[in-house]
Amino acid sequence: MKKKYSVTDRLITRITGWIAGVIVITLAIWGIYTLWGYYTYEQTNDAQVEEYVNPVISRAGGFIVAVRFEENEHVKKGDTLLIIDNREYILQQEQTEASIKKAEGQLTVLESNIHTLERSAAASQAQITATNAKVWKQQLDFDRYKQLYNEESATKQQLENMQATLDVNKSDYKSAQENYDAAISRINDIRAEKTVVSAELARLNALLDRNKLDVSYTIITASYSGRMGRRTVEVGQMIDAGQTLAFIVNNETDKWVVANYKETQVANMHIGDSVKVIADAYPGKEFKGTIISLSPATGSSFSLLPPDNSTGNYVKIVQRIPVRIRIDGNRRDNDVLKVGMNVNVYVPKGQHNG
């Protein structure tokens, strides 16, 4: 019985020893691999996938009559997302169009008045010429009768008749001149009024363009191809201009990663260096990337309340430098990377990419 127990004990000890040996070897391999990784790469797990996520903002207010997208739906550039009740905007547009027609009618009337006054002025000018000729002839007749009167060859009554006729002709000549001047003045007044109406017409045309823009704003379309995010509106809801209605992830731009490296790690990093990226969601899949920029300042410098070490409570903390990395390769292959995903970034040491 004692001998059988000793064999079992030795078997257990041997198995335990093998297991311990495997564990030690595994830990050794893992330790060597980890140390080799730290020796070969500058790495960080303080990194996230970034992409342009833009809000869909209304440029007009009103009641929503149709919502034509769902959350997480793929949309193409120009697809209709929402429709706002546009009846009020169309009424404003029709009112402006009616005002434009009224202003155009006023211009037509003023043009007709100018044409009529120009004809009246021309008639007055012709009358001036005619009365001037009468005055000239009557002046000659008066001068002859005055000479005859001085020679006692004409009566005083005849001379007075000639004087009266000459005065009447001069009065007609002065009246024709005044009529002509009044017509010209009225023409100038109408032309000034026409300038005012033309300016009003230009304002109304600009207002009509704005009304048409307002009508077009009631149909909200996708500015680019992408994927819809969170939806915050429903049919019948009243919205205001400038209100955020949804979010869209832009598929027309590249994805990138912002990796926050310690300041002690970035000394040998350069734009153009190759990068290896591994997402927490896909630990077995490796993505390639390229450094496209390094931040001009630490992350804390852009915070709302940046640290001020001159206040006297200084504690040295290793700062982080944001490094922007473009994800290379086919966009379809990289589509599995979503905005906000955590990733691990590895930058090989000793690169010389210029």
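The values are calculated or read from the model by the stated rules, or taken from the named source; none is laboratory data. All values derive from a computational prediction rather than experimental measurement. Cβ sites come from the backbone with ideal geometry, for glycine too, and all protein chains shown count toward neighbours.
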Practice task
State which residue is nearest to residue 225 (Cα to Cα) when the search covers only the stretch 62-78 and only residues that are in contact with a strand residue (DSSP E or B) (Cβ under 6 Å, 6 or more places away or on another chain) and in a loop (DSSP other than H, G, I, E, B).
Solution key: 78
Practice task
Find the residue count for the stretch 65-116, including only residues that are touching an Asp or Glu at 6+ places or on another chain (Cβ under 7 Å) and β-branched (Val, Ile, Thr).
Solution key: 2
Practice task
Can you work out which of the residues in the stretch 285-307 that are of a type in the set (S, T, N, Q) and touching a strand residue (DSSP E or B) at 6+ places or on another chain (Cβ under 8 Å) is farthest from residue 258 (Cα to Cα)?
Solution key: 300
Problem - Residues (in a loop (DSSP other than H, G, I, E, B) and in contact with a strand residue (DSSP E or B) (Cβ under 6 Å, 6 or more places away or on another chain)) located in the stretch 226-238 - result: 233, 235, 237
Exercise for the section: Report, by residue number, each residue of the stretch 230-258 that is farther than 22 Å from residue 330 by Cβ and more than 22 Å from the chain's Cα centre (by Cα). Expected result: 230, 231, 232, 233, 234, 235, 236, 237, 238
Handout entry: Restricting the stretch 171-186 to residues that are more than 60 Å from the chain's Cα centre (by Cα) and buried (at least 17 other Cβ atoms within 10 Å of the Cβ), the residue that is nearest to residue 114 (Cα to Cα)
Key = 176
Practice task
Within the stretch 142-174, count every residue that is without any contact (Cβ under 8 Å) to a residue 24 or more places away in the chain and either polar (S, T, N, Q) or touching a Ser or Thr at 6+ places or on another chain (Cβ under 8 Å) (or both).
Solution key: 10
Problem - Candidates 198, 223 - the one that is in contact (Cβ under 8 Å) with a residue 60 or more places away in the chain and either outside any helix (DSSP H, G or I) or at positive phi (or both) - result: 223
Fill in the blank from the handout: Inside the stretch 191-210, the number of residues satisfying the requirement of being acidic (Asp, Glu) and surrounded by 14 or more Cβ atoms within 10 Å (Cβ to Cβ) is 2
Exercise for the section: May I ask you to verify whether residue 306 is in a loop (DSSP other than H, G, I, E, B) and at pLDDT below 80? Expected result: yes
Practice task
Give the stretch 281-305 a look and list any residue that's over 12 Å from residue 324 (Cα atoms), surrounded by 11 or more Cβ atoms within 10 Å (Cβ to Cβ) and of a type outside the set (A, V, I, L, M), or say none.
Solution key: 282, 285, 286, 287, 288, 298, 299, 300, 301, 302
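With among the polar types (S, T, N, Q) and at pLDDT 90 or above as the only criterion, which of 221, 264 stands out?
221
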Problem - Residue in the stretch 272-292 that is farthest from residue 340 (Cα to Cα), counting only those that are among the acidic types (Asp, Glu) and outside any strand (DSSP E or B) - result: 273
